[in-house]
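J.: Just passing along the structure, written as structure tokens.
Please treat every number below as a calculation from the coordinates, not as lab data. On a predicted model such as this, the values are computed, not experimentally measured, just so you know. Methodologically, a virtual Cβ is constructed for each residue, glycine included, from the backbone with ideal geometry; neighbour enumeration extends over all protein chains shown.
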Amino acid sequence: MFFRFLASQCAGCPLWGQCRDPEASPKGHRNVYISDYHRYLQAGSAFNQTPTGRALLAGRWQVEPTIAFLVRYQGCRRARRVGQAAAQCQLFQACALRNLLLWLSRVRRGLAPRPPT
């Protein structure tokens, strides 16, 4: 939804100072856009304020580096083939590579046992 408010409509509004930039023209109009997904964003924001939401947000830092790796270096933002099965296969392969690289990094640092030879 798109709303446009003329300065004449806003004259005398108690929220004028919060709604408009102090350096904006007093004769200018104000545009407000509300996305179709606004109610979902509001529901998500309300959920994040609950104890369950806070717990999930607290653990988010653990998964973000993996998601960033998959998107940046493995092309997981976009599927390379058509179909959900092919996209799932691409994701599984990328995750397997990520797990292998993490494991090799831990072995190199001495945090994981070396494989038997």
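J.: Would you kindly state how much longer the chain becomes between GLN84 and HIS29 on full extension, computed as 0.36 nm times their sequence separation minus their alpha carbon distance, in nm to one decimal?
T.: Length gained, GLN84 through HIS29: 15.2 nm.
J.: Which of the trypsin sites (Lys or Arg not before Pro) found in region 23-117 are in a DSSP loop and have at most 11 neighbouring Cβ atoms, other than their own, within 10 Å? All intermediate terms of the calculation are to be shown ahead of the outcome.
T.: Working: sites: LYS27, ARG30, ARG39, ARG54, ARG60, ARG72, ARG77, ARG78, ARG80, ARG81, ARG98, ARG106, ARG108, ARG109; in loops: LYS27, ARG77, ARG78, ARG80, ARG81, ARG109.
Here the trypsin sites (Lys or Arg not before Pro) that fit, given the DSSP loop and packing criteria, are LYS27, ARG77, ARG78, ARG80, ARG81, ARG109.
J.: Another question about this same structure. In degrees, nearest 10, range 0 to 90: what is the angle between the Cα axis of helix 84-108 and the longest Cα principal axis of the chain?
T.: Between the helix axis and the principal axis of the chain, the angle is about 60 degrees.
J.: Compute the length gained on full extension between ALA43 and LEU56: take 0.36 nm times their separation in residues and subtract their Cα-Cα distance, giving the result in nm to one decimal.
T.: Values: separation 13, 0.36 × 13 = 4.68 nm, distance 1.52 nm.
This chain segment gains 3.2 nm when fully extended.
J.: Any idea which of GLY110, ALA7, ALA96 is furthest toward the positive side of the dipole for the chain, if Lys and Arg beta-carbons carry +1 and Asp and Glu beta-carbons -1?
T.: Highest projection toward the positive end goes to GLY110.
J.: Note down the magnitude of the dipole of the chain about its Cα centre, charges +1 on Lys and Arg C-beta and -1 on Asp and Glu C-beta and zero elsewhere, to the nearest 20 debye. Kindly include the intermediate steps, with their values, before the conclusion.
T.: On the way: 17 positive and 4 negative charges, 124 e Å.
The calculated dipole for the chain is roughly 600 debye.
J.: With a sphere of radius 10 Å drawn around the Cβ of GLY28, what net charge do the other residues whose Cβ falls strictly inside it have (Lys, Arg +1; Asp, Glu -1)?
T.: +2
J.: At each listed q (0.12, 0.15, 0.21, 0.22 Å⁻¹), what is the log10 of I(q)/I(0) that the Debye formula gives for the chain modelled as equal alpha-carbon point scatterers?
T.: -0.80, -0.94, -1.14, -1.16
J.: Relative to the longest principal axis of the chain, what angle (0 to 90°, nearest 10) does the C-alpha long axis of helix 38-48 take?
T.: Computed tilt is about 60 degrees.
J.: A further question follows. Okay, helix-only estimate at 222 nm for the chain: each DSSP H run of n ≥ 4 adds -39500 (n - 2.57), divide by all residues, round to 500 deg cm²/dmol; what do you get?
T.: Numbers: 6 runs with 66 residues, N = 117.
Taken over the chain, the calculation gives -17000 deg cm²/dmol.
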